[in-house]
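Right, one structure below, let's go through it.
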Amino acid sequence: MIRDRNALTNQLHALNHSFDAFRDSVERLKERIALATKQLGEIETQMRELTDSDPELSKRTKHVITIPGVNFVTAITVIAETDGFANVGNRRQLVSYVGLDVVMKESGTLSWRPHISKRGNAYIRAGLYMAAVSSIIHNKTLKTYFNRLKDNGKPGKTGIVALERKLLVLIYTLYKNGQDYSPDHR
């Protein structure tokens, strides 16, 4: 639904900036965007009701959303897609499950630059992407980490992926330990 609404918003932007756009098309797009926004609100309300019906899940989710940059939808997506981390034994296993693990491709004397495997859950990676971008603005600790990577010559996208991984491990740790986020914790 979010992807659909974004596509509609992009179409509306293109129509608004085109020469001689047909007004009825613009109005139809605005109505479809309003409908998608309304339905997304209803879905989030239902997600909150389902979460609140389980007191333990509700408590653990509240610990996770104390991370600046991580909202309810992102937290619940990660928790739901991993089945509450039920089949995850450690952080490395979780990172591999999501597809944020680094792989090296080598053949004989040739070697390619390292990249993430992307063999894991794309829904979690998509949710964590926006959380990582948001955390650069709202989370001082992660902003410092991101800036340190950029100062060391890493591209911006590499820094975002590193933040996604850090956020994933942080969500896992806070969920498992039942603790709130503390920016001063080392």
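The values are calculated or read from the model by the stated rules, or taken from the named source; none is laboratory data. In this text the structure is predicted, and so the values were computed from the model without any measurement. No Cβ is skipped: glycine too gets one built from the backbone with ideal geometry, and neighbour counts run over all protein chains shown. Heavy atoms of the whole protein, side chains included, go into the accessibility calculation; ligands, DNA and RNA do not. Shrake-Rupley method; radii C 1.70, N 1.55, O 1.52, S 1.80 Å.
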Quick check: the angle from helix 2-16's long axis to the longest principal axis of the chain, C-alpha only, nearest 10 degrees? 50 degrees
Relative to a virtual label point 7 Å from the Cα of residue 157 in the Cα→beta-carbon direction, which members of the stretch 3-21 show backbone nitrogen distances below 18 Å? none
Roughly how tilted is helix 140-151, in degrees to the nearest 10 and between 0 and 90, from the longest Cα axis of the chain? 80 degrees
Filtered hits (aspartates and glutamates, Cα-Cα < 15 Å from residue 176, offset >= 8 within chain) -> 56, 83
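Do you know the relative contact order of the chain, to the nearest whole percent, from alpha carbon pairs under 8 angstrom that are 6+ apart?
Contact order relative to length: 22 percent.
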Rounded to a whole number, what % of the accessible area of the chain do carbon and sulfur atoms account for, probe 1.4 Å? 51 percent
Loop-located chymotrypsin sites (Phe, Trp or Tyr not before Pro) in the stretch 90-186 whose Cβ has at most 11 other Cβ within 10 Å (DSSP): 112
To the nearest 10 degrees, how steeply does helix 122-138 sit against the main Cα axis of the chain, on a 0 to 90 scale? 90 degrees
Take the chain, connect every pair of alpha-carbon atoms lying under 10 Å apart with a spring to form a Gaussian network, then pick out the residue of 21, 86, 122 with the largest mean-square fluctuation. 21
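Counting other C-beta atoms within 10 Å, and keeping those with at most 15, which DSSP coil trypsin sites (Lys or Arg not before Pro) do you find in the stretch 68-118?
Listed in order of number, the matching sites are 105, 118.
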Along the charge dipole of the stretch 29-174, which of 98, 163, 80 sits closest to the positive end, that is, farthest toward it, with unit charges on the beta carbon of Lys, Arg, Asp and Glu (+1, +1, -1, -1)? 163
Length gained if residue 109 through residue 71 is fully extended, taking 0.36 nm per residue and subtracting the Cα-Cα distance, is 9.1 nm
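As an exercise, use a Förster radius of 22 Å and the Cβ-Cβ distance of residue 53 and residue 80 to find the FRET efficiency, rounded to the nearest 0.05.
According to the calculation, E is roughly 0.95.
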Karplus-derived 3J(HN,Hα) from phi for the stretch 54-71 (6.51 cos²θ - 1.76 cosθ + 1.60, θ = phi - 60°), whole Hz, x at Gly and Pro, runs 10, x, 5, 4, 4, 5, 5, 5, 5, 5, 5, 7, 6, 6, x, x, 9, 9
Given a Förster distance of 35 angstrom, what is the FRET efficiency for residue 35 paired with residue 180, based on the Cβ-Cβ distance and rounded to 0.05? 0.40
